[in-house]
Amino acid sequence: MNEQNGASVEDLRNILKGQVLLPGEPGFEAAAASWDLSVRQEVRAVAEIADAHDAAAVVAHARRAGLGVAAQASGHGATTALNGTILVRTGAMRGIEIDADRSVARIEAGARWGEIQAQAARHGLTGLCGSAPVVSATGYLLGGGLSWFGRKHGLAAGSVRAAEIVDAEGVLRRVTQADDPELLWALRGGGGDFALVTALEIDLYPASELYGGRVIWPAARASEVMAAFRRLTADAPDELTAWFTLLNPPPSPDVPEALRGPLATIDVTYLGDPDKGRELTRILDSVPGVLSDGRGPLSPAEVGGICAEPENPTPILYRSELFGEFTEEAAGKLLDAAGHEGIAPLAMLQVRHLGGALARPVDGACGAMAEPYLLGMLGVTFAPELEEAVRARQEEIATALEPHLSGRKPFTFLRSDGAAADAFPAETLARLRDVKRRRDPNGVFRSNFPVSD
Ligand SMILES: Cc1cc2nc3c(=O)[nH]c(=O)nc-3n(C[C@H](O)[C@H](O)[C@H](O)COP(=O)(O)OP(=O)(O)OC[C@H]3O[C@@H](n4cnc5c(N)ncnc54)[C@H](O)[C@@H]3O)c2cc1C
């Protein structure tokens, strides 16, 4: 298996402290598999790096051998763009250090949000985490990151103060606004195409008081739940975030009978006094038929549990769209398209309230998210033949809503067959391509959604 310059992937074994697995070897398939089991990643080798020096050694070696490198913590954002690369697994690098006085965390590349939140909570702080505790912070932050607390503090990529990276020459460096604003700009939302990140330094935010939880109704109440959601979000303060969801849960004996049917839910967080949060969400009490009400004071460590999203590897097809407007007409069309007949074969359809500080531009490739609401549609594709049906249902709903959509898609929520061009305005994409050409002229780094053609 000789590559260029007499360098081969097998040589990596003599160079790294971590494990190297090659196709055909025991353990390779499991090591190459991503969290999203709907994507089969066919990579040249998997390097499970032990530390930043391993990361630098892989990049230097790949450069010599003329191979690409793709970093991945867990594979929540898996795509086949990684095929043919050396897959660098960062899962062993999970260190988290909190500097409570400065409200800053240094997180290693494989650290997951659940672990970061647990540590930040001890100091009454929170990161700009998303909904799932098992998603790793690095991929999420490099992609922009839509957080529970984004309406108050903006896109999560804006919380990245500094990055420890390996550059395309295989050199370890620290990137800050002062010494390399161009690269920091690209790392704040432009994805994994510019460097191999070994650690990030991120801002944390006060959260000693926090309120939230999930309220559940039968899906038959979807129209009333949607009406309450629209009123709740119409004049919500930036501290309040609410998401409307239709759920089609898979049958499970562990779930109480009443919660097994199609459901409508509203998930909320309020970053502040729990009594105020209760008061602000009182409108939800007016919708009859509540099956379960999980609202209450929360620790930042508990936020990842609100949506009860799948934690184990799962085959998913997630399609997201952004609403340019979410009028009564748009909400009505959504319910017509998805609510009355049920959402099958989708497992989930969600409308997230955005706005607030998310619309404020970050000095980074993620820019601003001006759209006021996001639509997410998720299908679980345990049987391959389900894929087509899920895609068709997503298309049908998106088509019904088309006049109300902006046409842009959020980078972290691109479907596995999506492209960077779907997420970035043309001038941002052009700037990212320019950074890519200058920082990685040989194309060593391969993002799950490459910025180049
Ligand atoms: C259940 C679930 C819930 C989610 N909730 C949210 C949410 O609330 N908000 C939101 O914005 N997104 C959310 N996402 C999307 C998620 O943020 C993206 O899938 C993101 O890419 C996941 O990052 P990861 O590192 O876990 O995934 P990975 O697949 O491991 O990484 C994704 C990509 O990030 C880049 N990358 C990762 N690590 C490195 C590194 N060390 N150096 C350089 N590049 C790297 C690579 O390009 C890689 O292909 C959710 C996804 C799932 C499955």
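The values are calculated or read from the model by the stated rules, or taken from the named source; none is laboratory data. Small disclaimer: the values here were computed from a predicted structure and weren't measured. Cβ: placed from backbone, ideal geometry, glycine included. Neighbour counts: every protein chain shown.
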Inside the range 184-200, can you point out the residues that are more than 23 Å from residue 79 (Cβ to Cβ) and not aromatic (Phe, Trp, Tyr)? 184, 199
Taking interchain pairs and intrachain pairs at least six residues apart, which have beta carbon atoms under 7 angstrom, with the first residue in the range 408-427 and within 11 Å of the ligand (Cβ to nearest atom) and the second part of a helix (DSSP H, G or I) and modelled with pLDDT under 95? none
Picking from 138, 126, which residue would you name as being near the ligand (Cβ under 10 Å from one of its atoms), hydroxyl-bearing (Ser, Thr, Tyr), outside the structural domain of residue 243 (by TED's automatic domain parsing) and crowded, with 24+ Cβ neighbours inside 10 Å? 138
Residue among 70, 56 that alone is surrounded by 21 or more Cβ atoms within 10 Å (Cβ to Cβ), hydrophobic (A, V, I, L, M, F, W, C), within 15 Å of residue 447 (Cα to Cα) and at pLDDT 95 or above: 70
When residue 196 is evaluated against the numbered criteria (1) away from the ligand (no atom under 12 Å from the Cβ); (2) in contact with a strand residue (DSSP E or B) (Cβ under 9 Å, 6 or more places away or on another chain), which criterion, by number, is the only one it fails? (1)
Options 297, 361, 288, 310: the member that is at pLDDT below 95 and surrounded by fewer than 18 Cβ atoms within 10 Å (Cβ to Cβ): 310
Here are some conditions: (1) surrounded by fewer than 19 Cβ atoms within 10 Å (Cβ to Cβ); (2) charged (D, E, K, R); (3) within 16 Å of the ligand (Cβ to nearest atom); (4) assigned by TED's automatic domain parsing to the domain that holds residue 268. Residue 387 meets all but one. Which one does it not meet? (3)
Selection over the range 73-114 where residues are in contact with a Pro (Cβ under 8 Å, 6 or more places away or on another chain), away from the ligand (no atom under 12 Å from the Cβ) and not in a loop (DSSP other than H, G, I, E, B) yields a count of 0
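Mind listing whichever residues of the range 90-105 are more than 21 Å from residue 161 (Cα to Cα) and crowded, with 23+ Cβ neighbours inside 10 Å?
Within the range 90-105, no residue meets the criteria.
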Step by step: first the residues of the range 145-157, then only those that are among the small types (Gly, Ala, Ser) and in contact with a Gly (Cβ under 6 Å, 6 or more places away or on another chain), then the one that is farthest from the ligand (Cβ to nearest atom). Which residue is that? 157
Suppose the filter is within 13 Å of the ligand (Cβ to nearest atom) and among the acidic types (Asp, Glu); does residue 321 pass it? no
Within the range 30-44, is there a residue that is assigned to a strand (DSSP E or B) and touching a Leu at 6+ places or on another chain (Cβ under 7 Å)? no
Any idea which of 282, 214 is modelled with pLDDT of 95 or more and within 30 Å of residue 111 (Cβ to Cβ)? 214
